[in-house]
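Read through the structure below, which is laid out as structure tokens, and then see the notes.
The values are calculated or read from the model by the stated rules, or taken from the named source; none is laboratory data. The structure presented is a predicted model; accordingly, all values stated were derived computationally and were not measured. So basically every Cβ, Gly included, is an ideal-geometry build from the backbone, and we count neighbours across all protein chains shown. With ligands, DNA and RNA removed, areas are computed over all heavy atoms of the protein, side chains included. Shrake-Rupley method; radii C 1.70, N 1.55, O 1.52, S 1.80 Å.
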Amino acid sequence: MEPLTWTGALGGVLNPALALACAAFAVTAVAQIVLSLVVTQPMPQGNELVAPPSLADHAGTAARWSFGAIVLIVLAYAVGGIVLPDPQAKGIVGLVSTRLLPVWIALTVLFAVSITFKRRLGLYGKLFDSTIGMIGFALVMFWVFAGVFGAMDLIVTHDPLAQISGMKNEPPGTPVTQDGVYPYYLLGGDNLARDVFTRMIVGAWEVIKIAPFATLFAFMVGITLGLPAAYYGGRLDVFLSFLANLILAFPVILLFYLLVTPEIVATGIPVYMAAVLFIFPIVFLVILFNSRFFTQPGKRNLYLGVTLVVGLWLYLGIAWNADPLGIIAFPPNLLVVFVSVVFVNSPTVFRIVRGIAMDIKTRDYVAAAQTRGEGPWYIMLWEILPNARGPLIVDFCLRIGYTTILLGTLGFFGLGLSPESPDWGSTINEGRKLLSIYLHPALPPAFALLSLVLGLNLLADGLREESLKD
Amino acid sequence: MGLFILRRLGVMILTALCLTFIVFFLTNLYPNLEKLAKTQGNMRMTDEEVVRWLDVRGYLEPLPVKYGQWLGVLPGYVGETASGQVTGRCISGELTADTAPRFCGVLQGDWGYSTVFRDGVWDIVIKRLALTGKLMFWVMLLMVPAALIIGVLAGMREGSKMDRSLSTVSIVSTATPEYVSGVILIAVFASSAVGLRWFNGTATGAMEDATFRNFFLPVFTIALYGMGYIARMTRASMAEVMTAQYIRTARLKGVSFRNVVVKHALRNALIAPFTVIMLQFPWLLNGVVIVETLFNYKGFGWTLVQAAGNNDIELLLGVSVVSVFVVLITQLISDIGYVYLNPRIRVT
């Protein structure tokens, strides 16, 4: 079989068109910025002063059109790649796009449904009013779907750990020498003759299954400690703030190097840390329900019962690896990664929550609740916390991005995860060693990580913009 | 003000003590000591031999005692080998058991001995810190002006095209960790696969003789990640100042836009970024470790990786003391500077 070209049959028409559109966009975008420094004088027109359309406005229109053209051409690559029947005609881009078909369908459905019902969806719906937010959300959901479908074996083309002889460092689009498997290495083979495309998709799952949960746990810890520190103040605040600053003064990498080693896992310290850190979500939920429903014992007992049974079951399984039913198991080297990421993130969350709560506790509605005789935890969790949700949601998105970067850093230094692990940090680290000769093993995971973090940042920006509007 | 600085210094020393104790605790856990004994002595030592090796060198004393010895508030450990030779913490080189001082810790200026580099910890730290200082100097020189210019240009007309494009640039740069941007930059500018080959892919040569060709990529990689954050802070601060009443007054008086920005707005807009730049140091330390590993520049971050990878306890302690002090001192400077720059805040 012939090796594939990048764009297949579509390339002949679309490549020059794309180059032209990109050049036009670059020129007009720069022109627009430079020309916007020249301010046109407003002219009297009837009773009003009107600024005539300047050169910058024309450049802006041109930039918008050329950007639209780029988007259309990229869409044509993706759709054309799916429609064309023959692999040679599809090219690498077309084949990748075909493999990602479940992701495209899921994204389209999600966006169609969300935009249709956006007025009824609160802050989430408002996200679809902001272009930046939508782009960010699309990038994030792309990787979420890719990770989930990848784990369900819908997208990946090969086994992420399988080595096929003769495929070592082969460029993208090389036909596989072995029969009975997917006939191409779409993005080439790495130094150990494994498929780069598969490893990139499986790496997404590695991030998706750790980063959001680690961030959520860090938030639970930070909120449970930050609210009382701000509300009570005094000694408690001084002590907790000192503790938070202590952890923050620690260089993150040093901490990782000290914590995430097989020797430390052998001493059992991560388990004890997990035991302390993972109790916070249960404490948080118990206080949350108890402070609200203690006047209705029936409801309270139901909620607390469910929380305690499910929470303690998960707690035993995750932290102590002692699930009585034997369903939940957490590999020790993953636990240490999880714990250290939560540990590093929670002091920052603590400081943010403390800062916001300090501000909110001076508001009138808090004073009103105090006058009503509400308990301190009710005020903290049901009066202060809901009013702090805007900045916290924004920070949550940013922090998932930061956690992704931290996970990549751990992989990059080969800490915690097994050396064969397909996560992006490890793959980048492996690929960089041969970077001067072979680019394809290192660049796909690098761009994947970049786009996911960028998506989360843009999403946070969009959310911030929309939440400030009301 | 004096009292404020004194109190901050007190907290700083307390923090440094706590942190070094944590490092001490983590590095002195038994599995780590066992690894140290096996790498320093013999890979095939039996368990009893490991215990003896550690015992003779004083590693098996209780943790607080060892910490006191390292700090120099307790007398150094003295032991005896199987052949009757007297060994001890303070006995090394020309010093014998009789002439050696009783105390030899950080307080006496003795930072210990690195088991990896086979040299005094203090010499290594100073030498490596100088190399990293050179890197940081150029990073600051590139990052701070670039970030401030981007931030001010974006913030002076909020919502303009310039603002949007520059904000996008800074978001992209904050979303690109050093190991991603470094790899992409090396791929584009240093690899033979693309063929540009403008810069060197390693900065090992830059330790002796830094040139634009071998030093630009590491400097730019670190600067890029920090730049976006500072630029966004500057933009927010500038945008806020530009809506202030006195700016409107100046505009209505007929002062040109250029003069309003340069003479009236800039001074007040730069207070917040100053703090941010100072607080950026701990994050830069992170970047330094990654970039020095990526570009094989044997500075402070590289030393940290070597020390941590080989459980070189005393070197690791020296490195962490220095990095903790860098973090705490920059925090102190940022607090004091904030008070000086912003007349509305008074510390009592």
For the protein assembly as shown, dividing by residue count, accessible area per residue (probe 1.4 Å) in Å² works out to 47 Å²
Calculated from DSSP helices alone, with each H run of at least 4 adding -39500 (n - 2.57) and the total divided by the residues of chain A, [θ]222 nm to the nearest 500 comes to -23000 deg cm²/dmol
Taking only the alpha-carbon atoms of the protein assembly as shown, the convex hull volume per residue, in cubic angstrom, is 225 Å³
For the protein assembly as shown, the percent of accessible surface on carbon and sulfur atoms (probe 1.4 angstrom, ligands and nucleic acids excluded) is 67 percent
To the nearest 0.05, the calculated FRET efficiency linking A:Ser165 and A:Leu101 through their beta-carbon distance, R0 being 30 Å, is 0.50
Using a 1.4 Å probe on heavy atoms of the protein chains only, the accessible area for B:Cys18 in Å², nearest 10, reads 40 Å²
Computed from every Cα-Cα pair in the stretch B:221-348, P(r) in 10 Å bins starting at 0 and rounded to whole percents is 11, 29, 27, 18, 10, 4, 1
By the Cα gyration tensor axes a ≥ b ≥ c (a/c under 1.5 gives rounded; else a/b larger than b/c gives prolate, otherwise oblate), the shape of the stretch B:2-108 is oblate
Shape call for the stretch A:1-56, from the Cα gyration tensor axes a ≥ b ≥ c (a/c under 1.5 means rounded, otherwise prolate when a/b beats b/c, else oblate), comes out prolate
Applying the span-like rule to chain B (DSSP H, Cα extent along axis at least 24 Å, Kyte-Doolittle mean at least -1.0) gives B:2-27, B:121-156, B:212-242, B:313-341
Over chain B, the sum of -39500 (n - 2.57) across DSSP H runs of at least four, divided by residue number and rounded to 500 deg cm²/dmol, gives at 222 nm -21000 deg cm²/dmol
Heads up, the stretch A:335-470 by the C-alpha gyration tensor (a ≥ b ≥ c square roots of eigenvalues; a/c under 1.5 rounded, else a/b over b/c prolate, else oblate) looks prolate
Here the cysteines of chain B lacking a cysteine partner under 4.7 Å (Cβ to Cβ) are B:Cys18
Losing no less than 50 Å² of accessible area (probe 1.4 Å) relative to the isolated chain, the residues of the stretch A:238-259 are A:Phe242, A:Leu246, A:Ala249, A:Phe250, A:Pro251, A:Ile253, A:Leu254, A:Tyr257, A:Leu258
Rounded to the nearest 0.05, FRET efficiency between B:Ala244 and A:Ala368 (Cβ-Cβ, R0 30 Å) equals 0.35
B:Thr204 and A:Thr108 label points (each 7 Å along its Cα→Cβ direction) are spaced in nm at 5.3 nm
Placing each pseudo-label 7 Å from Cα in the direction of the beta carbon, A:Met1 and A:Arg64 end up separated by a distance in nanometres of 4.5 nm
Between B:Gly88 and residues 5 or more places away or on another chain, the pairs with built amide H atoms under 5 Å apart involve B:Gly79
Computed D for the stretch A:34-139, Stokes-Einstein, Kirkwood radius over alpha-carbon pairs, 20 °C, 1.002 mPa s, to the nearest µm² per second, is 121 µm²/s
Taking 0.36 nm per residue of separation between B:Arg102 and B:Thr39 and subtracting their Cα-Cα distance, the length gained on full extension comes to 19.8 nm
Here the gain from full extension of A:Arg120 to A:Ile393, 0.36 nm per residue of separation minus their alpha-carbon distance, amounts to 96.4 nm
With every protein chain in place, the accessible area of B:Thr174 for a 1.4 Å probe, in Å² rounded to the nearest 10, comes to 20 Å²
Quotient of Cα radius of gyration and Kirkwood radius for the stretch B:121-341, i.e. Rg/Rh, equals 1.05
re chain A: pairs of Cα atoms spaced beyond 35 Å account for a percent value of 45 percent
The A/B contact buries a total accessible area, at probe radius 1.4 Å and rounded to the nearest 100 Å², of 4400 Å²
Rounded to the nearest 10 Å², the 1.4 Å probe accessible area of B:Leu196 is 70 Å²
Violations at 24 Å Cα threshold for listed pairs A:Lys433/B:Lys298; A:Lys118/A:Lys469; B:Lys161/B:Lys253 -> B:Lys161/B:Lys253
Going residue by residue through the stretch A:94-100, the Karplus relation 6.51 cos²θ - 1.76 cosθ + 1.60 with θ = phi - 60° gives ³J(HN,Hα) values, rounded to whole Hz and with x marking Gly or Pro, of x, 5, 4, 4, 5, 4, 7
Accessible-area order for B:Val305, A:Val113, largest to smallest, probe 1.4 angstrom, reads A:Val113, B:Val305
